[in-house]
Amino acid sequence: MARIVLRVRLISGDQLDVAYEEPGAADDVTVQHAVTALAGDTGVLRCRHGDRELVLYSRGVAAIEIAPRGAVL
């Protein structure tokens, strides 16, 4: 299972570190899927923030940063 950590900068200026997992995929495929999912206006991504599951809507996202080691959750 590929697990990546995304630092999401919201339109409001706040930032949020979330984890996104995709079973049976490589890291680069998982990154591509996350970016593709958020590229459209109707895009959503199911993520985890600590022990909470959340749905990230693309309309509120200003930027996404993917670090090699991941962000701190």
- For Thr42, which of the numbered conditions (1) of a type in the set (Val, Ile, Thr); (2) touching a residue at least 60 places away in the same chain (Cβ under 8 Å); (3) in a loop (DSSP other than H, G, I, E, B) fails to hold? (2)
- Query: Does Tyr20 satisfy the criteria of being surrounded by 14 or more Cβ atoms within 10 Å (Cβ to Cβ) and among the hydroxyl-bearing types (Ser, Thr, Tyr)?
  - Reply: yes
- Message: surrounded by 14 or more Cβ atoms within 10 Å (Cβ to Cβ) and either more than 17 Å from Met1 (Cβ to Cβ) or modelled with pLDDT of 90 or more (or both): is that true of Val35 in this structure?
- Response: yes
- Item | Any chance Leu54 is of a type outside the set (Phe, Trp, Tyr), in contact with a strand residue (DSSP E or B) (Cβ under 9 Å, 6 or more places away or on another chain) and in a strand (DSSP E or B) | yes
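The values are calculated or read from the model by the stated rules, or taken from the named source; none is laboratory data. What you see is a predicted model; the values in this text were computed from it and never measured. A quick note on method: Cβ atoms are made from the backbone with ideal geometry, for glycine too, and the neighbour counts reach across all protein chains shown.
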